[in-house]
Amino acid sequence: MSCAFSLLESCHLPCSRYLSTTFRFSRGFYQMQRPIKHKTLCLCRNMQTFACELVKASYVPTPQTKPKDQSLAKVETIGAFQKLPMVMPSVDIFQSALRKAKRVLPTKGIANVAKRERNRGAKQLDALMKELAVPLRGYIENFPKRIYLHPYERSLIELTFGAGNYEEVLKKVDALRKKVVSVGKEHASLCAKSLSKKEAEERLTEGLEKLQEIFKCEGQAIDDLLYIAKTLRAMPVVDLEMPTLCLVGAPNVGKSSLVRLLSTGKPEVCNYPFTTRGILMGHITLDYQHFQVTDTPGLLKRCDEDRNNLEKLTLAVLSHLPTAILYVHDLSGQCGMSPSDQFMIYKEISERFGNHLWLDVISKCDLLKESPVVFITEDREVDHLELANYQKIGPEGALRVSVKNEDGIDKLKKKVHELLMSQMERIKSKRIQDNIEVLR
């Protein structure tokens, strides 16, 4: 049998409408007192509630478990990479810690030389251990766990460093920290038990050399973490509240040239496939409004299992970011891929990401006046009306542009502006819907 009681601190104020009742809890029972002859207002503060279990006519408090904090599993918003701590090289960490440790003096007032020396040695080893362990613990705590990251940033980590490598480096850093703490405490304890000044000095030197050896052998994990931090911090930041235009297509179809023409982004432009080696960002300002533009690596005709990490980066952007798609086609064949292969890629992407706002663009239209390049790999036996139309005029409603002659560029900019404004309306509607869900 259990019951709950509330302990109240009461104060009585004159009032003509309320009658107070006071409860007193004493020795397993409660008494109700009502000797009040006037009307008062009872105000309660500092209410505390606890549960009791009735055991042999006495009340015994029972432990109460706190509810689990659901906010711990909250997924981070985009931008976690810019919050990463600055990581020092392993050599600098050790040298800085060693300088600080050697400045530690023995406790004042120790007259005995042997006691003073072992006190100094133990304190310096303990200080060195702490100076090494504290920054490592800070790295472990401040580098986010991958499961709490935004799905887009989670994909960037996996595709940039490989599956599990990010967590493996953090585990090695934590293992190094634990080893430093263990060895530091062990040698500090040995130094504190020295029987002479010479023995204390020897154990101090031995402890310093042991910690240096550990850091030299296993400090590569810190340098690996430094590389990870630099790479992630250099990743382009995407604003989820700002409309984003994502250029997609096969390699070398002219996506980077259009990004340079439409935005402030300056990706490398070369006449060979996979010039774009990552996600590149630019910005557009139209009618005093700011938009984002992202250039993505080209896609090849193959299944997802056979795609390289560059192609998977493109799919990660389309899967996890609210983008409008500007799909670029090259019917001239100058990109190195036949129109029929481009058509197959286009059909796959349009079916997978058909919920995105979409605009088709045929680039290099100045080359279409000449005879198109015929590929040996072209499937001539395919009797498909849609494919035949695609090879001649591209997708229905596609814009024809030429960066070289600037043909159709003004019309493209107008269409891009309309597309991004529609994307802005979609983002606003999504935000309103999310707020309604929160209120519910």
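The values are calculated or read from the model by the stated rules, or taken from the named source; none is laboratory data. A quick note: this is a predicted structure, and the numbers were derived from the prediction, not measured. Ideal geometry is used to build each Cβ from the backbone, glycine not excepted, and the neighbour counts take in all protein chains shown.
Conditions (1) closer than 17 Å to LEU156 by Cα; (2) modelled with pLDDT of 90 or more, marked per residue:
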| residue | (1), (2) |
| --- | --- |
| GLU213 | no, yes |
| GLU218 | no, yes |
| LEU245 | no, yes |
| PRO267 | no, no |
| GLY278 | yes, no |
| MET281 | yes, no |
| LEU300 | no, yes |
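Quick check: anything in segment 364-379 within 28 Å of HIS283 (Cα to Cα) and either assigned to a strand (DSSP E or B) or modelled with pLDDT of 85 or more (or both)? Within segment 364-379, one or more residues are within 28 Å of HIS283 (Cα to Cα) and either assigned to a strand (DSSP E or B) or modelled with pLDDT of 85 or more (or both). Has segment 154-174 got at least one residue that is surrounded by fewer than 18 Cβ atoms within 10 Å (Cβ to Cβ), assigned by TED's automatic domain parsing to the domain that holds PHE94, modelled with pLDDT under 95 and hydroxyl-bearing (Ser, Thr, Tyr)? Yes, some residue in segment 154-174 is surrounded by fewer than 18 Cβ atoms within 10 Å (Cβ to Cβ), assigned by TED's automatic domain parsing to the domain that holds PHE94, modelled with pLDDT under 95 and hydroxyl-bearing (Ser, Thr, Tyr).
Among the conditions (1) among the hydrophobic types (A, V, I, L, M, F, W, C); (2) within 26 Å of GLU158 (Cβ to Cβ); (3) at pLDDT 90 or above; (4) in contact with a Ser or Thr (Cβ under 6 Å, 6 or more places away or on another chain), LEU318 misses just one, which is (4).
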